[in-house]
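The values are calculated or read from the model by the stated rules, or taken from the named source; none is laboratory data. This one's a predicted model, so the numbers in the text were calculated from it and none came from an experiment. Neighbour counts run over all protein chains shown; Cβ positions are idealised from the backbone, glycine included.
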Amino acid sequence: MHSITRSTSLALGLVAGSLSIAAAENTYNETVVHETTTTVEVDLNSSSVLCSAADYGATFLKVLIPDLAKLTLLDHQNTGAGQPCVAAGPCGPGQMPADIIDAAHPKETVQITVKAVRGDDADSVAQTCNTGLTETVKVTIRGVDFFHQRFADLGQRPYSDCVTSTAAPDPDPGSGSGSGSADTGSGSGSGDGKTDTEEPSVEDPSGGCNAGGSGAGGTFAFLLGAMALIRRRRAA
């Protein structure tokens with residue numbers, strides 16, 4: 001009996017040690033590629049400011065901003081939207097199109113911040129380097145904060161590209177940045193538990209700021225952010 005117990009304890013110890021070693025093999029490092037703030041004049045009318053439930057589990061306040069197409073690296077336009085967009089929280093008191101639209105002032109000059117972050121996941125044993133890019137858009141329009149995030153998997157690079165800078169162990173953060181994913185966009189139901197009043201994960205390219213507003217129902221779909229995607233790849 002004692003022999004079995006000792007053998008079991010030894011086996012468990014070896015497994016635990018192996019898991020610790022495996023966890024230490026991967027390092028994750030983020031690098032800000034660029035961050036810009038641009039002054040943009042946006043149109044605020046019934047066509048560009050709307051409540052939409054397209055591919056969301058609830059109705060969200062969104063603003064279509066065509067100029068995002070030239071300010072961003074990634075595509076912040078959702079299928080059927082016709083223009084890139086940003087999203088605030090769920091539509092409700094104090095956060096409705098009527099709170100943004102002012103017929104006497106159909107345009108507003110705003111500051112749009114775009115931040116692109118490269119994430120490198122290096123495996124020192126496999127000598128692999130997986131890279132992704134998370135791009136976040138932030139803007140405040142008439143007192144309401146809007147947000148959008150996209151993530152692109154850039155695939156593998158030479159291992160030496162990942163280790164050119166000191167990388168810290170993957171901290172398993174809950175931010176998802178994104179952006180979310182990601183999506184952009186904003187909304188609840190992301191893999192990291194963020195909500196539209198915070199900074200959600202990356203938005204599903206097929207969902208979000210659809211000008212039609214009818215939506216496909218279901219959950220508020222998101223891609224996971226760069227680190228979440230990498231963790232899934234390692235788990236597989």
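Residue count for region 105-156 satisfying the condition of being in a strand (DSSP E or B) and under 18 Å from residue 41 (Cβ atoms): 15. Among all positions in region 86-97, there is at least one residue which is surrounded by 21 or more Cβ atoms within 10 Å (Cβ to Cβ), assigned to a strand (DSSP E or B), touching a helix residue (DSSP H, G or I) at 6+ places or on another chain (Cβ under 8 Å) and modelled with pLDDT under 95.
Residues in region 111-129 that are surrounded by 18 or more Cβ atoms within 10 Å (Cβ to Cβ) and either touching a Phe, Trp or Tyr at 6+ places or on another chain (Cβ under 6 Å) or within 30 Å of residue 142 (Cβ to Cβ) (or both): 112, 114, 116, 117, 121, 129.
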